[in-house]
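Here is the structure we will look at.
Values in this text are rule-based calculations from the coordinates and carry no lab data. All of these numbers come straight from a predicted model, not from anything done at the bench. Note that each Cβ is placed from the backbone with ideal geometry, even for glycine, and that neighbours are counted across all protein chains shown.
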Amino acid sequence: MSRPALFLLAALIPTTTGLAQSAEKPPKTTIIKAGRLIDVRAGRVLTGQAILVEGDRVKAVGETDDIVKSAPKDATLVDLSRSTVLPGLIDCHTHVLLQGDITQADYDEQLLKESIPYRTIRATVAARTALSNGFTAIRDLETEGAMYADVDVKKAIARGVIPGPRMFVSTRAFSATGMYPLLGYSWELKTPEGVQVVDGPDAIRKAVREQVKYGADWIKFYCDRRYYLEGDKLRSKVNFTEEEMNALVGEAHRLDRKVAAHAIGKDGIMAALKAGADTIEHGDGLDEESIDLMVQKGAYWCPTIYVTVFVAEGRAAEGSTIWKKMLDLESKAFALAVKKGLKIAYGTDAGGYAWTENQAKEFSYMVKFGMTPMQAIQSATVVAADLLQARADLGAIEPGKYADIVAVDGDPLKEIGELERVKFVMKGGRVFKNETSR
């Protein structure tokens with residue numbers, strides 16, 4: 001086989017995407033003494049436990065005395081005996097290359113006045129912020145006009161050049177001609193595109209291959225736009241034909257890539273599910289019929305509640321009053337989805353709001369809308385790891401998994417807002433933050 005053919009084959013064969021480790025080696029052995037340890041798999045809290053970390057993986061979890069006795073004498077000790085310890089958090093919907101877009105002007109200014117190198121520099125700050133907030137893995141759902149810069153940020157993190165979460169990236173995302181910003185400028189101007197614009201099944205298949213070639217772990221497409229109410233239903237206009245969506249999802253799956261669909265209204269949600277999308281992003285217009293279909297198909301929902309809270313007033317002032325009504329619709333959909341057992345994964349749309357806002361604010365809304373604190377934590381750990389097909393590596397503090405561990409001073413099962421105050425962050429056996437009380 002020729003060298004180019006080997007390179008192409010390597011690009012198309014699935015790997016442990018998003019899971020590359022930092023080039024800098026962690027301490028050989030670490031013992032973490034935990035005050036309260038949240039076992040997210042069983043949905044319980046354990047006391048008197050310790051975690052033995054060997055290199056970048058968890059070696060053992062058990063009674064403190066047993067772990068200390070089994071560890072090498074030169075093991076590094078981390079005392080979190082006054083803290084609540086839980087797995088590193090996972091955010092399944094972020095945009096590190098975006099810095100908030102409440103209004104059209106906010107978005108346009110970034111694409112028109114900020115170069116891709118400048119936006120990438122800002123993305124490195126966003127990635128570091130996410131890690132500091134306790135998010136040791138993220139699925140970044142498109143670069144908003146910054147081409148394949150997310151692949152570069154992911155690579156820099158994996159090589160230890162910059163600190164940040166493990167990244168699963170979707171590169172440019174797709175929409176159809178005339179259906180995604182930048183819009184409204186003179187036809188005489190060639191303006192930047194916030195997505196990769198594709199039309200027709202053949203062009204779409206080629207574009208999917210191109211994104212995979214350049215490093216996409218996931219394929220993202222914008223299924224709908226122009227949201228409006230019809231009675232108590234949130235409706236939308238669908239961006240692609242059925243044939244185009246089938247081509248997009250079919251080619252992505254053929255290349256072993258999962259598909260995330262931006263779908264807010266009922267029309268977009270149903271079209272995306274019919275085409276075989278693996279996750280529904282936002283989904284404000286979910287109702288009983290669409291929730292039942294998602295459960296049947298095994299699809300995941302990333303609700304991204306807080307971003308609606310953050311942008312609603314500004315967009316309403318700009319003329320899009322529908323955003324102020326979406327939150328109430330989503331709260332009802334969320335409660336019904338929890339009741340019906342829909343797989344809900346934690347996703348924030350951070351970048352859709354400023355990175356100065358802590359992305360852990362989503363937890364409080366999930367609890368307010370119907371989850372228990374444990375369910376909300378599970379959405380950002382075991383459920384999110386399953387969505388990412390990374391169950392063997394992420395999502396719980398268990399032997400064999402990456403030593404991605406965070407801690408807070410209080411008890412998030414009593415006050416979920418504690419997760420907005422993460423004091424300790426370990427990723428792959430390396431401590432990136434330790435501000436725990438002594």
Seminar exercise, completed: Label model pair Lys274, Glu398: point-to-point distance (7 angstrom along the Cα→beta-carbon line) in nm is 3.8 nm
Exercise. Percent relative contact order of the stretch 32-165, based on C-alpha pairs within less than 8 angstrom and at least six residues apart?
Worked result: 22 percent
Seminar exercise, completed: Restricting to aspartates and glutamates and to Cα separations under 15 Å from Lys113, and discarding same-chain partners fewer than 8 apart, the set is Asp101, Glu144, Glu193
Exercise. Helix 116-132 versus the longest principal axis of the chain: what angle, 0 to 90°, nearest 10, using Cα atoms?
Worked result: 40 degrees
For this session: Determine the gain in length on full extension of the stretch Arg41-Tyr214; use 0.36 nm per residue of separation and subtract their C-alpha separation, reporting nm with one decimal.
Result: 58.8 nm
For this session: Return the sequence-ordered ³J(HN,Hα) values of the stretch 261-275 in whole Hz as given by the Karplus equation 6.51 cos²θ - 1.76 cosθ + 1.60 applied to θ = phi - 60°, using x for Gly and Pro.
Result: 10, 5, 8, 9, x, 4, 5, x, 4, 5, 5, 5, 5, 4, 6
Exercise. Dipole of the stretch 298-419, Cα-centred, from +1 at each Lys and Arg C-beta and -1 at each Asp and Glu C-beta, to the nearest 20 debye?
Worked result: 560 debye
Seminar exercise, completed: With 0.36 nm assigned to each residue of separation and the Cα-Cα distance removed, Thr191 to Lys233 gains 11.7 nm
For this session: Please give the contour-minus-distance gain from Lys343 to Asp411: 0.36 nm per residue of separation, less the Cα-Cα distance, rounded to one decimal in nm.
Result: 22.0 nm
For this session: Mind sorting out which of (i) 204; (ii) 158; (iii) 147 is the real volume of the Cα convex hull per residue in Å³ computed from the coordinates?
Result: (iii)
Seminar exercise, completed: In the chain, taking the dipole from +1 charges on Lys and Arg beta carbons and -1 charges on Asp and Glu beta carbons about the Cα centre, the listed residue (Ser186, Met294, Met326) farthest towards the positive end is Met294
Problem set entry | Distance from the stretch 395-430 to the stretch 277-335 (C-alpha centre basis), Å | 28 Å
For this session: Only bridges with both residues in the chain count here: give the DSSP antiparallel percent, nearest 5.
Result: 50 percent
Problem set entry | Calculated FRET efficiency for the pair Lys297/Glu435, C-beta based, R₀ 45 Å, to 0.05 | 0.60
For this session: On a 0 to 90° scale, report how tilted helix 149-158 is relative to the longest principal axis of the chain, with both axes built from alpha carbons and the result rounded to the nearest 10.
Result: 10 degrees
Seminar exercise, completed: Taking a ≥ b ≥ c as the square roots of the Cα gyration tensor eigenvalues, with a/c under 1.5 meaning rounded and otherwise prolate when a/b beats b/c or oblate if not, the stretch 168-261 comes out oblate
